[in-house]
Amino acid sequence: MSRPAEPEKKQTLLEQCLAAAIEMGTLECSINMLAKQVGTSGRMLVYHFGSKQELERQLIDLLETRLREKLWSIQSASLAGANSMAEPLLAMWRHLTSPEMNGLLKLTMELNQRAIKGDPETQRLIEQESQKWVNFLFDLTHDKTTSLLLFHLFQGAILDFLTTGNAQRGQQTIKAFTADLP
């Protein structure tokens, strides 16, 4: 007879695994390595999630939820009392390049790599999250072209930041771009 499901324990493990993946900046590790990071066993993770693939799927779903929460919190804080377009964009840049976001950014770049390799579930996630960012930027700019340009500016600046550690260049680019906006 199998043990009954423990939904609270499973959710706690999922949260801990996501925190570990963000801290490591990757999902590309064995189930045993992930288990060690959260202080449990690989067998316990398999018991709760069935397989590494299912654990990853649930981690990606939780990551999607966390990214959406971050987007809405940034949007609320950024738009409140802004005197210029540059202010909320620079605040968003400072938030994205803060130390606590580093692992999350690395994890999203890993997901981008999976999408590039053709993983349909990851491609769906990336498309959904990208559209949410474009919509957020449209709410800020009220211009479709400007929102797309800003989205791509941020994508490139984030890649540059992750590969070089230089957040200043992205900040300078945002300032230069917004100087030409009405």
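For D180 and C29, FRET efficiency with R0 = 35 Å and r from the beta-carbon atoms, rounded to 0.05? Walk me through the numbers on the way to the answer.
Values: r = 44 Å, r/R0 = 1.26.
Once the sixth-power term is evaluated, E becomes 0.20.
Which value at 222 nm does the chain reach when only helices count, each DSSP H run of 4 or more adding -39,500 (n - 2.57), with the total divided by all residues and rounded to the nearest 500 deg cm²/dmol?
Here the helix-only value at 222 nm equals -26000 deg cm²/dmol.
Of C29, A176, T65, which is farthest on the positive side of the dipole of the chain, counting Cα position, with +1 on Lys and Arg Cβ, -1 on Asp and Glu Cβ, and the Cα centre as origin?
Ranked along the dipole, the leading option is C29.
Based only on Cα atoms, what mean projected area does the convex hull of the range 1-72 have, in nm²?
5.0 nm²
Over the chain, give the accessible area per residue in Å² for a 1.4 Å probe, as an integer.
Working: 10130 Å² over 182 residues.
That works out to 56 Å² for each residue.
At q = 0.29, 0.30 Å⁻¹, what log₁₀ I(q)/I(0) does a Debye calculation on the Cα points of the range 131-178 give, no solvent, two decimals?
After summing over all Cα pairs, the log10 values are -1.01, -1.04.
Could you work out the relative contact order of the range 77-161, using alpha carbon pairs under 8 angstrom and six or more residues apart, expressed as a whole percent?
This gives 19 percent for the range 77-161.
Using alpha-carbon pairs under 8 Å, 6+ residues apart, how would you state the relative contact order of the chain in percent? Let's see the in-between values first.
Details: 132 pairs, mean separation 38.1, N = 182.
Averaging sequence separation for qualifying contacts and normalising by length gives 21 percent for the chain.
Can you pick out the pairs among K9/K52; K144/K175; K10/K132 whose Cα atoms lie more than 21 Å from each other?
From K9/K52; K144/K175; K10/K132, over 21 Å: K10/K132.
For the range 98-182, what is Rg from Cα atoms divided by 2.2 N^0.38 Å, rounded to two decimals?
Dividing the Cα Rg of the range 98-182 by 2.2 N^0.38 Å gives 1.16.
With 23 Å as the cut-off, how large is the P(r) tail for the chain, expressed as percent of Cα-Cα pairs? All intermediate terms of the calculation are to be shown ahead of the outcome.
Details: 7816 of 16471 pairs.
I get 47 percent for the Cα pairs in the chain exceeding 23 Å.
What is the dipole size for the chain, taken about its Cα centre, with +1 at each Lys and Arg Cβ and -1 at each Asp and Glu Cβ, in debye to the nearest 20?
The dipole magnitude comes to about 320 debye.
In nm, what is the difference between 0.36 nm times the number of residues separating S51 and M109 and their Cα-Cα distance?
Here the answer is 18.5 nm.
The values are calculated or read from the model by the stated rules, or taken from the named source; none is laboratory data. Keep in mind that this is a model prediction, so the values were computed, not measured. Positions of Cβ are generated from backbone atoms using ideal geometry, with glycine treated the same way; all protein chains shown enter the neighbour counts. For the accessible areas, the whole protein counts, side chains as well, though only heavy atoms, and no ligand, DNA or RNA atoms are used. Shrake-Rupley method; radii C 1.70, N 1.55, O 1.52, S 1.80 Å.
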